[in-house]
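Notes follow once the structure below has been shown.
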Amino acid sequence: MPYTSRMSLHTDPIIGIDLGTTNSLVAYCDEKGPRLLESPDSQRVLPSVVRFDAATGQPAAIGDDARRHAVEFPAATVFSVKRLMGRGVEDLADERAYLPYEIVEGEHRTARVHIPPEGGGTSGGTSGDNFRGWTLSPQEISAMILRELKRWAEAALNQPVKKAGITVPAYF
């Protein structure tokens, strides 16, 4: 009689996520073996790109759609955000010239991404004169990508996902 763990029959699925600088993906392993999980529209790779709505500061698109419209919304489209994690603004002097979005100094002198308000000025988007847009940490933006991958996994597995293993860079 083959060995069957009773726990394996009643445990929540555990997904594996590769949060990449350029692209991310989500995988799952069961009795059929390991496999990449697809998005509801059959994509296996999610570009690690988030475009923000300049009026609300909320994600307007994540992945392919965000990347497709990056030229139209350069200041509100964030990519390669993983490169900013744990680094100070001064550490990014060479890279800042290649990034169309604004990098500002945040708490503990670490790099943050600033999303300007609609119109790109220092006021606008809301009724207040002091409205200056949104400042987000690389971790907050990465969490948006992770939530999208979780959504993919839940749709593919047709059940809630509460557990995940996430890759980290070798020198992080």
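The values are calculated or read from the model by the stated rules, or taken from the named source; none is laboratory data. Keep in mind it's a predicted model, so treat the numbers as computed, not measured. Cβ sites come from the backbone with ideal geometry, for glycine too, and all protein chains shown count toward neighbours. The area values use the complete protein model at the heavy-atom level, side chains included, leaving out ligands, DNA and RNA. Shrake-Rupley method; radii C 1.70, N 1.55, O 1.52, S 1.80 Å.
Work out, step by step, the length gained on full extension between R83 and A97: first 0.36 nm times the residue separation, then minus their alpha carbon distance; give nm to one decimal.
Length difference between fully extended and current span is 3.7 nm.
For the range 8-92, build the charge dipole from Cβ charges (+1 Lys, Arg; -1 Asp, Glu) around the Cα centre, then report which of F52, L92, A70 sits farthest towards its positive end.
Positive-end residue among those listed: L92.
Taking the range 26-110, which chymotrypsin sites (Phe, Trp or Tyr not before Pro) meet the DSSP loop condition and have no more than 16 other C-beta atoms within 10 Å?
Y98
Could you state, as a whole-number percent, how many of the C-alpha pairs of the range 33-96 are farther apart than 15 Å?
So the pairs more than 15 Å apart make up 61 percent of the total in the range 33-96.
Taking all protein chains together and a probe of 1.4 Å, list R87, R151 from the most accessible to the least accessible.
My answer, sorted largest first, is R151, R87.
Around T77, under 13 Å between beta carbons, what's the net of Lys plus Arg minus Asp minus Glu among the other residues?
That works out to -2.
Which distance in nm do the two modelled labels at E107 and D41 give, with both placed 7 Å along the Cα-to-Cβ direction?
3.5
Pulled fully out, how much extra length does the chain show between H114 and A55, if you take 0.36 nm times their separation in residues and subtract their Cα-Cα distance?
19.9 nm
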